[in-house]
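No lab work stands behind these numbers, since they all come straight from the coordinates. What you see is a predicted model; the values in this text were computed from it and never measured. Here the Cβ is made from the backbone with ideal geometry for all residues, glycine too, and neighbour counts use every protein chain on show.
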Amino acid sequence: MNSSAKPVVWITRKLTDNTMARAAQKYEVIDNPEDRTFTGDEIIELSRDVDAILPSHSEVIDARVSAALSDRIKIIANHSVGTDHCDLKALGARGIVVTNTPDVLSDATAEIGMLLMLGAARRAVEGDRMVRTGNWTSWSPSFMVGTQVSGKRIGIIGMGRVGQSMAKFCRGFDMDVHYFNRSKLTPEREAGATYHDTLESLLGVSQFLSLNCPNTPETIGIINARTLALLPRGAILVNTARGVLVIEDDLIEALQSGHIAAAGLDCFQVEPGGNPKFAPFDNVFMLPHIGSATRETRDAMGARALDNLDAFFAGKEPRDRVA
Ligand code: DGY
């Protein structure tokens, strides 16, 4: 890159008009108007012609891809808070800077958490289908009775930014918030929530359980037959974090036995696609990984990713550097 030329940035997916317009001011942008997904080999190939990549979590930059990226790549400025699609160690070893977009998607993701919790507890799948298909033929006080959310106890695994937003919204429903986290929060951040220093202790009291932790070696499969059995009978599970946190066959068994009353899932082991084994369960309310999918949040994610790129190319430390 000669010093007067604009850096070349590959924006791997279709982002908001505001993001694309701002990017074009400072960078020579390679875009993806068809919004297609790229394979690892394509990422390696395309990396030859660019100084930076602005990917989403749909682009998997694992150890193999990281090792084969062009030497020209200086920074990967993710348009996501999660960085589990990137091998941070391998990228760090190559001296490639990696950033993410924390904070700006917490409320949007927690909104989806609330929607899933309410939808699962109040039988949204069944009710919607009944009305939509013209099968709503009677009403009585014993009809479509669900589980009340307000006033209940919620356990939150992972009290980072999204977990704290979830707790904030739950307080609006008069819920008693409990949490398990790597460390206890300050009283200000806790805002009245009760800390559990073991997962087991949290599970034992959680009438609702919300997963808000990242995908790490410690959290993969954290929800499994053993941990599900520790929840009170009739508990409701909500996952807006990552599909790999849940052993899906174990959840299906717990739903079949009735130990878990319902689940709200925005994340699956296989994405896109989800798990067709959940389809027969009316008490599983599912969405296609849309936690951060609001116009406002997409703009904010784009701005945050570009702030990180701008800082890097101005010779400064990007605010959200993770590797
Ligand atoms: C994130 O930012 O990690 C969300 O899952 C969407 O990409």
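A few remarks follow.
- Segment 80-189: C-alpha gyration tensor shape, a/c 1.5 cut-off, then a/b vs b/c: oblate
- For Gly221, the residues whose amide H sits under 5 Å from its own are Leu245, Val246, ignoring neighbours fewer than 5 places away on the same chain, with H placed 1.01 Å from N.
- The chain: DSSP helices with Cα axial extent of at least 18 Å and average Kyte-Doolittle hydropathy no lower than 0.0: 106-121
- Per residue, the convex hull spanned by the Cα atoms of segment 168-322 measures out at 153 cubic angstrom.
- With contacts taken as Cα pairs under 8 Å at a separation of at least 6 residues, segment 217-323 carries a relative contact order of 21 percent.
- Rounded to whole numbers, the Karplus 3J(HN,Hα) couplings from phi for segment 236-242 are 10, 9, 10, 10, 10, 9, 8 Hz, using 6.51 cos²θ - 1.76 cosθ + 1.60 with θ = phi - 60°, and x at Gly and Pro.
- Candidate aspartates and glutamates for bridging to Lys277, where Cα separation is under 13 Å - those fewer than 8 sequence places away on the same chain excluded: Glu248, Asp249, Asp250, Glu253
- Annotation: amide H-H contacts under 5 Å for Ala262 (H modelled 1.01 Å from N, sequence separation of 5 or more, or interchain): Leu237.
- Structure note, pairs Lys6/Lys89; Lys14/Lys89; Lys6/Lys316: Cα-Cα distances above 20 angstrom occur for Lys6/Lys89; Lys14/Lys89.
- DSSP finds beta bridges in segment 106-286, and of those with both partners inside it, around 0 percent are antiparallel.
- Our summary gives the chain a relative contact order of 18 percent, counting only alpha carbon pairs under 8 angstrom and 6 or more residues apart.
- Our helix-only sum for the chain, with -39,500 (n - 2.57) per DSSP H run of n ≥ 4 divided by its residues, gives a mean residue ellipticity at 222 nm of -10000 deg cm²/dmol.
- Fewest-first ranking of Phe180, Phe208, using other Cβ atoms within 10 Å as the exposure measure: Phe180, Phe208
- In order along segment 174-191, phi translates into HN-Hα couplings of 6, 7, 8, 8, 10, 8, 10, 8, 3, 9, 6, 7, 5, x, 4, 6, 5, 6 Hz, rounded to whole numbers, per the Karplus curve 6.51 cos²θ - 1.76 cosθ + 1.60 with θ = phi - 60° and x for Gly and Pro.
- Expressed to the nearest 5 percent, the antiparallel share of DSSP beta bridges inside the chain is 5 percent.
- Take every Cα pair under 8 Å whose residues are at least 6 apart in sequence, average their separation, divide by the length of segment 106-286, and the relative contact order is 24 percent.
- Separation in nanometres of the label points that stand 7 Å from Cα toward Cβ, at Ser201 and Gln256: 3.5 nm
- Note on the chain: Rg/Rh from C-alpha atoms, Kirkwood Rh, equals 1.02.
- Distance between segment 1-54 and segment 223-260 - C-alpha centres, whole angstrom: 40 Å
- In order along segment 285-294, the Karplus-derived 3J(HN,Hα) couplings, from 6.51 cos²θ - 1.76 cosθ + 1.60 at θ = phi - 60°, round to 9, 10, 9, x, 6, 10, x, 9, 7, 10 Hz, and Gly and Pro are given as x.
- For Arg153, the residues 5 or more places off, or on other chains, whose built amide H falls under 5 Å of its own are Asp176, Gln207, Phe208.
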